[in-house]
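Notes for the one structure printed next.
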Amino acid sequence: MTPHINAAAGDFAETLLMPGDPLRAKYIADNFLDNARLVTDVRNMLGYTGEYQGRAISVMGSGMGIPSISIYAKELATEYGVKNIIRIGSCGAVSNKIKLMDVVMAMGASTDSAVNRSRFANTDFAMIADFNLLRLAADAADKQGANYHVGNLYSSDLFYCSDEMRYDDMEKYGILGVEMEAAGLYGVAAEYGINALAMMTVTDHLRQGLHLSAEERQHTLNEMIKLTLEAVSHLK
Ligand SMILES: O=P(O)(O)O[C@H]1O[C@H](CO)[C@@H](O)[C@H]1O
Ligand SMILES: O=c1cc[nH]c(=O)[nH]1
């Protein structure tokens, strides 16, 4: 056990899907995994382990923001032997080339957070996805016919950001979407030698003031869960 996870040794699978919302973790366990059982519930940050096509898969919420996902990802890597963490979240788009309901795969993650400078001698460490996970996800998206984009994401400490000018710079530099955890997850993965990928559906358009309806959110979430499970089913 750790201060934040009350699972027993061996309770987690090597591969873990990580939405921000713990109730989304429950939804995935209830609807997509076979024989799913609750393995941790400290602070209601629910985590489950079940099977997908006979392969053991875990799913656990990360909470919101880099500090929260960093705690869980670190403990899963160092205390529970988790090797692959795939964040499945939501993001806001800044580019007009990106549409609501598109999927964004974070090949890299930029950030305004100081955590990665803190861990890397105050220098800029490039936060990148694991190439194999990214390739499997892109292959699964092709197979599923999903509209997806691969590139640089921005992990912001602020959900409510009053500096609209920042979006101009982000668009100029090719940022695909804004969310709040990917750069933290990639930093933990680099530090502790695990594989990570962050994948988001576009639920909001920050320039166009558009937001998905509840029904559209559910639909895109289901598509992304299927895509992710298809991708990890090909892990060697
Ligand atoms: O949908 P999730 O995975 O929670 O991701 C996004 O949604 C939350 C903000 O509403 C932040 O956690 C952000 O990264
Ligand atoms: O962080 C996030 C997540 C979804 N939508 C946003 O606009 N921001």
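None of V188, V115 is away from ligand 2 (no atom under 16 Å from the Cβ), over 22 Å from L16 (Cα atoms) and in contact with a helix residue (DSSP H, G or I) (Cβ under 6 Å, 6 or more places away or on another chain) except V115. Figure legend. Inter-residue proximity from the stretch 201-221: first residues in a loop (DSSP other than H, G, I, E, B), second residues aromatic (F, W, Y) and modelled with pLDDT under 95, beta-carbon distance below 7 Å, spacing 6+ or different chains. Indicated pairs: L206/Y167; R207/Y167. Which count do you get for residues in the stretch 63-73 that are within 12 Å of ligand 1 (Cβ to nearest atom), within 23 Å of F32 (Cα to Cα) and touching a Ser or Thr at 6+ places or on another chain (Cβ under 6 Å)? Counting residues in the stretch 63-73 that are within 12 Å of ligand 1 (Cβ to nearest atom), within 23 Å of F32 (Cα to Cα) and touching a Ser or Thr at 6+ places or on another chain (Cβ under 6 Å) gives 1. Looking only at residues in the stretch 134-185 that are hydroxyl-bearing (S, T, Y) and within 16 Å of ligand 2 (Cβ to nearest atom), the one that is farthest from N116 (Cα to Cα) is S162.
A quick yes/no check of all residues on (1) more than 16 Å from ligand 1 (Cβ to nearest atom); (2) closer than 21 Å to T220 by Cα; (3) touching a residue at least 40 places away in the same chain (Cβ under 8 Å):
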| residue | (1), (2), (3) |
| --- | --- |
| N6 | yes, no, no |
| F12 | yes, no, yes |
| G20 | no, yes, yes |
| I28 | no, yes, yes |
| F32 | yes, yes, yes |
| R37 | yes, no, no |
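Of the residues screened, A189 is one that is of a type in the set (A, V, I, L, M), more than 22 Å from D142 (Cα to Cα) and either part of a helix (DSSP H, G or I) or more than 16 Å from the chain's Cα centre (by Cα) (or both).
Considering only residues in the stretch 74-105 that are basic (K, R) and under 26 Å from R119 (Cβ atoms), the one that is farthest from ligand 1 (Cβ to nearest atom) turns out to be K83. Outside any helix (DSSP H, G or I) and in contact with an Asp or Glu (Cβ under 6 Å, 6 or more places away or on another chain), is that true of G20? When the stated conditions are applied, G20 does not pass them. Condition check for M170 on (1) assigned to a loop (DSSP other than H, G, I, E, B); (2) closer than 17 Å to A109 by Cβ: one failure, at (1). If the condition is being in contact with a Gly (Cβ under 9 Å, 6 or more places away or on another chain) and assigned to a loop (DSSP other than H, G, I, E, B), then the stretch 103-126 contributes S113, F120, F125, A126. When H149 is tested against (1) outside any helix (DSSP H, G or I); (2) modelled with pLDDT of 95 or more; (3) within 16 Å of ligand 1 (Cβ to nearest atom), exactly one condition is not met: (3).
The values are calculated or read from the model by the stated rules, or taken from the named source; none is laboratory data. These figures come from a predicted structure and were not determined experimentally. For neighbour counting, all protein chains shown are included, and Cβ atoms are generated from backbone atoms with ideal geometry for every residue, glycine included.
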